[in-house]
Amino acid sequence: MKVKQVSIFLENRQGRLAAVTKALGSNEINIRAFSVADTADFGVVRLIVNDPNRACDILRANGFMVTMTDVLAVEVPDKPGGLAYILEILQKARLNIEYLYAFVEKRSDNALVIFRLEDIDTALKVFEENNVSLAPSQEVYQL
Amino acid sequence: MWNGEIETLCREQMREIQTERLKSVVRRCYEKVPHYREAFDSFGVHPDDIRSLDDLVKLPFTCKNDLRDHYPFDLFAAPKRDIVRVHASSGTTGKPIAVGYTHADIELWAECVARSLACAGVTSDDIIQIAYGYGLFTGGLGLHYGAEKLGATVVPISGGNTKRQVMLMRDFGVTTLACTPSFGAYLAEEMKDSGIPEEDFKLRVGIFGAEPWSQSMRREIESKLNLCAIDIYGLTEILGPGVSCECPYQCGLHVFEDHFLPEIIDPDTEEPLPEGEIGELVFTTLTKEAAPVIRFRTRDLSRLYYEPCACGRTLVRMERILGRTDDMLIIRGVNVFPSQVEAVLLSVGDVDPHYQLIADRSARHMDDLEIRVEMSEALFNDEIRKIEDVEVHIRKEIESTLGISVKVKLVEPKTLPRSEGKAKRVVDRREL
């Protein structure tokens, strides 16, 4: 099941990330997971939040450039070799990963890892065939 | 003086020459160039109405757009078989303007550049290194023919390759350097870095043009290169370098007004301004055959002085260019219009591009152009790599349009200043 991720364009300037979190926080948007990718001049902040649609509206209203992307929240066994097992499945299926990042909190005995894949629909099928469980989006938002 | 008789002519005689030549060029334009005939007709003016210099104001202006709209050769007043050379410069939307020259025009150009060089104090004993670009740009070849006519020894090295420039400057005992001021300052740094003792260089005169510069930059170049820095002015639409040039008194550029008739107008009302007032410089070519231009609006700001100079010349003097009436930038001798950048952004799918051009002069005195572009839906992607691809694509497109290297920086939406009506598209941080 696909999860909606919110991505924001930020310049590498002081206080920009704080401006994002402040805008979301004051509007009761809770950040579940996030990652920052950056270059010398700019960065992209990726967020999993409790209400992605509303988060986008709020951020746009505050002048941010925002886009929504589909990602997968994969349950990875929280033990040595857990992630390696998932990556091997993807490799065998020749599926390219654009990026991935882990949740700050975990659910049950599994860690949750966000995957952004080149071909998300094929990945869904491959995970299903290999009995890899994906966290349902509503659950992810409410974690 | 290269042409002492003309350069010291009394005003009355100069006006006589100009009047005769004006009447003739107006008639020729009317007869040979459909654009001028239409423009004159719709303005209700006929060549017969032009009887004195005071009648000049009856004629319509010519703008850069007129040249662009008649690209490439539709404004030529001479048959194509008589055109022996074509030069071009950038236009406002990426489309260039082309200017043709007959044998007589090339000769006239060489004459004006020879006058300019002599005016600057260069003689046939000098060795001149021409570090303006050779090619479609008028700088290199323009200086070249004039320097040869003067009888100086020409080193046609063109631009770039600073290490070689410095080496030849020393080896050949070069006395005169001709290039853009920013390249001159850059060469000065390179000379210092080369470790060659200062006394091994024989430079004494610099002919700098194609780019606006400040008095403080002039003083800096003079002390670093140990020469007298002379300002030369010209533009492709009128001729190329050699329309006017300073003498060592450095108190305004002597306009070779027997060939180029200058006016200063109020850029808003288009009315002529009295002597000494700052306004837009307008030129009418009086003798050019292939591409004569009537009342060309240069968009350059200056003022005119008619009293004779201490050097003995009676030619009208124009003050060094004080600025522009439009938002054109000159970067490394190349004209840059914001609209060219806008066209590139539109072509990559940015529907309502917000951008800003920032010109700066680096520590090494080279002009840098940074283009800031607000991130938009069309450009944004969740993946860094794809954003970088977009950035590189925009940079390459702009570089290929402008012909100079630029830096592109993507910024957040609504961070670039917006002023009422027209956005602040251009920031010039160079000290001009």
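The values are calculated or read from the model by the stated rules, or taken from the named source; none is laboratory data. Small disclaimer: the values here were computed from a predicted structure and weren't measured. So basically every Cβ, Gly included, is an ideal-geometry build from the backbone, and we count neighbours across all protein chains shown. Quick note on the areas: whole protein, heavy atoms, side chains included, nothing else; ligands and nucleic acids left out. Shrake-Rupley method; radii C 1.70, N 1.55, O 1.52, S 1.80 Å.
Selection within region B:12-22: residues that are of a type in the set (D, E, K, R) and either more than 27 Å from the chain's Cα centre (by Cα) or crowded, with 18+ Cβ neighbours inside 10 Å (or both). The member of this set that is farthest from residue B:285 (Cα to Cα) is B:12.
Selection of region B:324-355 for residues being buried (at least 17 other Cβ atoms within 10 Å of the Cβ) and within 14 Å of chain A (Cβ to nearest Cβ) yields B:350, B:353, B:354. Scanning region A:59-73 turns up one or more residues that are farther than 30 Å from residue B:414 by Cβ, open to solvent by less than 40 Å² (accessible area, probe 1.4 Å) and not polar (S, T, N, Q).
Just one residue in the set B:281, B:261, B:177, B:203 is modelled with pLDDT of 95 or more, assigned to a loop (DSSP other than H, G, I, E, B) and open to solvent by less than 30 Å² (accessible area, probe 1.4 Å); that residue is B:203. Residues satisfying the criterion are absent from region B:382-391 (criterion: assigned to a strand (DSSP E or B) and either within 14 Å of chain A (Cβ to nearest Cβ) or free of Cβ contacts under 8 Å to residues at least 60 places away in the same chain (or both)). The residue that is farthest from residue B:136 (Cα to Cα), counting only those in region B:63-82 that are surrounded by fewer than 19 Cβ atoms within 10 Å (Cβ to Cβ) and in contact (Cβ under 8 Å) with a residue 60 or more places away in the chain, is B:63.
Of all residues in region B:392-416, those satisfying the criterion of being more than 13 Å from chain A (Cβ to nearest Cβ) and under 14 Å from residue B:355 (Cβ atoms) are B:394, B:397, B:398, B:401, B:402, B:406. Checked against the criterion of being in a helix (DSSP H, G or I), more than 12 Å from every other protein chain (Cβ to nearest Cβ) and of a type outside the set (D, E, K, R), the candidates A:19, A:33, A:73, A:23 yield just one match: A:23. Residue A:44 - would you say it is away from chain B (no Cβ under 14 Å) and surrounded by 16 or more Cβ atoms within 10 Å (Cβ to Cβ)? Here the answer is no, as residue A:44 does not meet what is asked. A count restricted to region B:214-224 and to residues that are open to solvent by less than 10 Å² (accessible area, probe 1.4 Å) and either at pLDDT 95 or above or among the charged types (D, E, K, R) (or both) stands at 1. Within region B:24-57, the set of residues being open to solvent by 60 Å² or more (accessible area, probe 1.4 Å) and either more than 23 Å from residue B:105 (Cβ to Cβ) or in contact with a helix residue (DSSP H, G or I) (Cβ under 7 Å, 6 or more places away or on another chain) (or both) comprises B:27, B:37, B:38, B:41, B:42, B:43, B:44, B:46, B:48, B:51, B:54, B:57. Per the conditions (1) within 29 Å of residue B:413 (Cβ to Cβ); (2) touching an Asp or Glu at 6+ places or on another chain (Cβ under 7 Å); (3) not assigned by TED's automatic domain parsing to the domain that holds residue A:9, the sole criterion not satisfied by residue A:44 is (3).
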